[in-house]
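Inspection log for the structure reproduced underneath, given as structure tokens.
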Amino acid sequence: MALVHAGVVVLDCAEPEKLAEFYRELLEAEVADANANRVEIRAADGFRLALRRDVNTTAPSWPRPENSLQAHLEFVVEDLDAAERLIVSLGGRAVETREVTGPREERGYADPAGHSFTLRRGVPVGPKQG
């Protein structure tokens, strides 16, 4: 039996309620637990994400080098354009605008609090370059 079990990804942010709503809508998830300083959501496939209040948090600056990428989420999608429209409508923004095609087609975004995440279509075939 494993000593450590898979837990939950936690993002720090100033307003966990707002950020939880962004990811709840994006992932078609439900609120699994909430209190004054933390909101956890659970998607239908079991993925869990918690948003924790930290009023002094500083958003990562990725892809710029200062205060750069600390961690990011990656989501698999079938339709990148439709997913991008949803992200923008929910308050997210594109951060990697170059056109990438092929078996590793992906795009970079930031949620409303500045956390970076990637949408990808297809299975990665090697390490990301650049």
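With R₀ fixed at 35 Å, the C-beta to C-beta distance from Val76 to Asn56 puts the FRET efficiency at about 0.60. Distances between placed amide hydrogens fall under 5 Å for Ala32 paired with Glu40, Ile41, Arg42, all partners being 5 or more residues away or on another chain.
Where a number appears in this text, it was derived from the coordinates with a stated rule and is not lab data. The shown structure was predicted, so the numbers you read here are calculated from the model rather than taken from an experiment. Don't worry about glycine lacking a Cβ; one is built from the backbone with ideal geometry, like all the others, and counts go over all protein chains shown.
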